[in-house]
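Peer 1: Got a structure for you, questions after.
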Amino acid sequence: DQKLKAFGLMDSDADMDEDAIDAIREKDMALYFTDIVKNERNAKAYDLNSFSVPQEKTDVAVQLLKSNNPCNILLLGAPGAGKTEYAKALIRQAGLKMTSYKNELEVSGKKDDDDVEVKALSRLNCYLSLKKEDSVLVVDEAENVLKTKEFSFFGMKLSSSQKGTVNRMLSETSENKVIWIVNYTSEMDESTLRRFTYSIKFNAMPKETLRSIAAEKLKSVKMPADLK
């Protein structure tokens, strides 16, 4: 099933990745994932009731994170709707730690070469195949990672070259709990959308919630109270 290739450990010519060689030499697989994931400190999270998400949806999401089974939760909606803060609150409610996907090259679009995106996806695929009992991976701005549909010059829908990898990662490879956050799903194939365990769509964030978030972020900033 070509796992060495699918996980980016070796290419089609059987050449080993340098970072994979270092990880094997040091007997520490974590070295292979240094560029794509980071552990987050348990920062303060907002109360789940402060988000405009129906209670029954929140209850389902928390139960999925507390279960012993892997799951893929999709949070989608307009930018600024509170999806990332909601993800933090879910993880805290479930009593788990948060790990985040940090490949700035991919999410910012600043690619050094054409292989960056493929390499990042391969390493993410490998990372998710190794079960972590007490943590949840958050993949924010995941549109590039989950892109499984492309459009030709004539507007025809084409399958993305990474579709197979992404779909297998969501339904077969992953042994972990993952929260995927996107602003839109127009570049995701229907077969990919069906593979998520649960999805929650966000509407615009209420002004009261925005106000409380702003107040919390500004709490440690030295400025006059009236300016705040």
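The values are calculated or read from the model by the stated rules, or taken from the named source; none is laboratory data. Computed from a predicted structure; not experimentally measured. Please note: Cβ atoms are built from the backbone with ideal geometry, for glycine as well, and neighbour counts cover all protein chains shown. Accessible surface areas use protein heavy atoms only, side chains included; no ligands, DNA or RNA. Shrake-Rupley method; radii C 1.70, N 1.55, O 1.52, S 1.80 Å.
Peer 1: Restricting to the range 78-91, name every residue that is of a type outside the set (A, V, I, L, M) and in contact with a strand residue (DSSP E or B) (Cβ under 8 Å, 6 or more places away or on another chain).
Peer 2: Gly82, Lys83, Thr84, Tyr86, Lys88 - these are the residues of the range 78-91 that are of a type outside the set (A, V, I, L, M) and in contact with a strand residue (DSSP E or B) (Cβ under 8 Å, 6 or more places away or on another chain).
Peer 1: Looking only at helices (runs of 4 or more DSSP H) that fall completely inside the range 159-228, which ones have 2 or more residues that are in contact (Cβ under 8 Å) with a residue 40 or more places away in the chain and open to solvent by less than 20 Å² (accessible area, probe 1.4 Å)?
Peer 2: Output list reads 190-193.
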